[in-house]
Amino acid sequence: MPKVAGIDSTVPAPAHTGPPLDDLPAAPGALIRDRLAGWVSDLTTLHELTERLAGTGSLDSALKELLRAGAALVGARRGLVVLEPADGLGPGTTLGLGLTHADLGHLETVPRRASSYGRLLDGPPARTEPVASPDLLRDTELDPRQREVAVRLGYGASYAVPLVAGTEAHTGAASGLASGGATSGPVSSTVSNAVSGRLGAAIWLYDEPAEPVERQRHLVGLYTRYASRHLSRLLELERARTRVATIAEELLPSRLPRIPGLQLAARHRTGPYGGGDWYDALPLPEGAVSLSVGSVSGSGPGAVAAMGQLRASLRAYAVMEGEDPVAVLSDLELLLRLTEPARTATALFAYAEPAQGKILLAGAGHAPPLIVGDRRTEFVETSLSAPLGMLACWEAPSVELWPAPGETVLLYTDGLLRRTGDPMDRAYARLHGAAASIPPSARNDPGAVADHVLRTVLPDGPDGPGGPGGPGGRNAEGAWNPDSAEDVVLLAARFD
């Protein structure tokens, strides 16, 4: 200190002088408030992320959300998730965040034993600890191929977490987020009717050498534990959907018959829950053929079983009295009331004679056929009738139709209209416009006609969010759309 009058800088300060204010310890209340604020912030973040994950309805969307949320929690920019259920029943997939297909291909060239996800998936069954590689390029035991891929893709560290469901897996969290009180809520819910065991692994990549701190490890551990349980439920749902779709496809014709003077093509897409839509084409004596489409109310295995029963019965009635479509549908009505009194169904049955260019058809609560040709595109005027199972005695007059050579008759289920998400009048107009816009080069092929109609009518095409090949049930924004869960059947018959 400089010399000031009355103060001798060489004299030491008294022993009882207090320390500077900056060195004073904070009050216990402030420490508690800061810690509580941190816990509340972590719980809020975890709640928001789990809510977003719970809103996903398909494996693909859930895996993408898992990667995005995990990257935010551990402070990474890129990552990948490997779905590989330990029971070997699939499905298996690999998705990336910030990685192209070529990047994923490079990562797959790394020997599995050297990759972090390989050590998690192929290691001892009891291994549920994360695998951290804070500085890959300085790791003397690093596999040469992994080093080469890391340099090529530009990442210097990785953090891998196993995805395990059905067990209280320890995922790097040594204690509860608030001394045991923060794991309540959705994370602690039990799993029922879901796949258990090891599901896969999630890996996040750092551009530079790095490693998540203890708090980040704990948060991502809690999140992936909940995500694993959610994925296990979606996995079981996906397997059930696949089984129902497989059964439905097996109940429908594996191939359409070859009929002189008639070309046939069919398109069938099963909804996410498995519906009861069907189509059929059966050769009959004297060169005739029966064409039918229909839809059973409900979804799931029960609707699929009812669909198979009605289609098989319809074939028998077609053989016995196919030239009288009204009698065929009347018998089908009686069968449905006796065997499935709680169900209804719509059906369209046509008795076609290609040699004469004639069709005799009748419908029960079904959408009218559509004729597509060079000179006309119009709906067939059919008699109004309630669906099968709605009346004590069903009967409606049949309609005679004379398609010209080169014209195509489209039979379809109302799922094609409902998938558009439009009111029915606009959906019909949309279907009519799609049929009228078929290019002349495609009119000679009923399969090309059916494909063009599907691409044009359904939003985002047949494989988009609104199409029959899409995820179904949800639109591109993730909002639930019950109409998009409908089955779609389209049967095209072109007269030569």
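Taken together, the residues in the range 329-367 that are of a type in the set (Gly, Ala, Ser), under 18 Å from residue 303 (Cβ atoms) and buried (at least 22 other Cβ atoms within 10 Å of the Cβ) amount to 4.
Within the range 266-279, restricting attention to residues that are modelled with pLDDT of 90 or more and open to solvent by 10 Å² or more (accessible area, probe 1.4 Å), the residue that is nearest to residue 366 (Cα to Cα) is 279.
Has the range 39-59 got any residue that is small (Gly, Ala, Ser), modelled with pLDDT under 75, outside any strand (DSSP E or B) and exposed (fewer than 12 other Cβ atoms within 10 Å of the Cβ)? No - not one qualifying residue is present in the range 39-59. Would you point out the residue of the range 420-455, among those that are β-branched (Val, Ile, Thr) and either surrounded by fewer than 17 Cβ atoms within 10 Å (Cβ to Cβ) or assigned to a loop (DSSP other than H, G, I, E, B) (or both), that is modelled with the highest pLDDT? So, considering only residues that are β-branched (Val, Ile, Thr) and either surrounded by fewer than 17 Cβ atoms within 10 Å (Cβ to Cβ) or assigned to a loop (DSSP other than H, G, I, E, B) (or both), the one modelled with the highest pLDDT is 438. Scanning the range 136-157 for residues that are β-branched (Val, Ile, Thr) and in a helix (DSSP H, G or I), we see that the one that is surrounded by the most Cβ atoms within 10 Å (Cβ to Cβ) is 149. Scanning the range 197-233 for residues that are open to solvent by 20 Å² or more (accessible area, probe 1.4 Å), hydrophobic (A, V, I, L, M, F, W, C) and more than 20 Å from residue 107 (Cβ to Cβ) yields one hit, 213.
Open to solvent by 10 Å² or more (accessible area, probe 1.4 Å), without any contact (Cβ under 8 Å) to a residue 24 or more places away in the chain, touching a Lys or Arg at 6+ places or on another chain (Cβ under 9 Å) and part of a helix (DSSP H, G or I): does that describe residue 65? In short, yes. Name every residue in the range 214-242 that is closer than 12 Å to residue 130 by Cα and touching a strand residue (DSSP E or B) at 6+ places or on another chain (Cβ under 6 Å), in order of residue number. Result: 224, single match. The residues of the range 425-459 that are free of Cβ contacts under 8 Å to residues at least 40 places away in the same chain and basic (Lys, Arg), listed by number, are 426, 430, 455. Filtering the range 281-300 to residues that are of a type in the set (Ser, Thr, Tyr) and either open to solvent by 30 Å² or more (accessible area, probe 1.4 Å) or touching a Ser or Thr at 6+ places or on another chain (Cβ under 7 Å) (or both) leaves 295, 297, 299. What number of residues in the range 83-106 are in a helix (DSSP H, G or I) and in contact with a strand residue (DSSP E or B) (Cβ under 7 Å, 6 or more places away or on another chain)? Looking only at that region, the number is 2.
Among residues of the range 148-173 that are more than 11 Å from residue 206 (Cα to Cα) and modelled with pLDDT under 90, those with a Cβ under 8 angstrom from a residue that is part of a helix (DSSP H, G or I) and of a type in the set (Val, Ile, Thr), sequence gap 6+ or separate chain, pair up as 171/220; 171/224; 172/220. Taking the numbered list (1) surrounded by 15 or more Cβ atoms within 10 Å (Cβ to Cβ); (2) in a loop (DSSP other than H, G, I, E, B); (3) touching an Asp or Glu at 6+ places or on another chain (Cβ under 9 Å); (4) in contact (Cβ under 8 Å) with a residue 40 or more places away in the chain in turn, residue 80 passes all entries but (2). Of all the listed residues (394, 402), the sole one being modelled with pLDDT of 90 or more and within 23 Å of residue 280 (Cβ to Cβ) is 402.
Whenever a residue of the range 307-334 is more than 21 Å from residue 399 (Cβ to Cβ), its partners that are outside any helix (DSSP H, G or I), lying with C-beta atoms within less than 6 angstrom and at least six residues away or across chains, give the pairs 307/276; 307/278; 307/296; 311/278; 311/280; 315/282.
The values are calculated or read from the model by the stated rules, or taken from the named source; none is laboratory data. Computed from a predicted structure; not experimentally measured. In this analysis, Cβ positions are derived from the backbone assuming ideal geometry, glycine residues included, and neighbour counts consider all displayed protein chains. When the accessible area is computed, the model is the full protein with side chains, heavy atoms only, and any ligands, DNA or RNA have been set aside. Shrake-Rupley method; radii C 1.70, N 1.55, O 1.52, S 1.80 Å.
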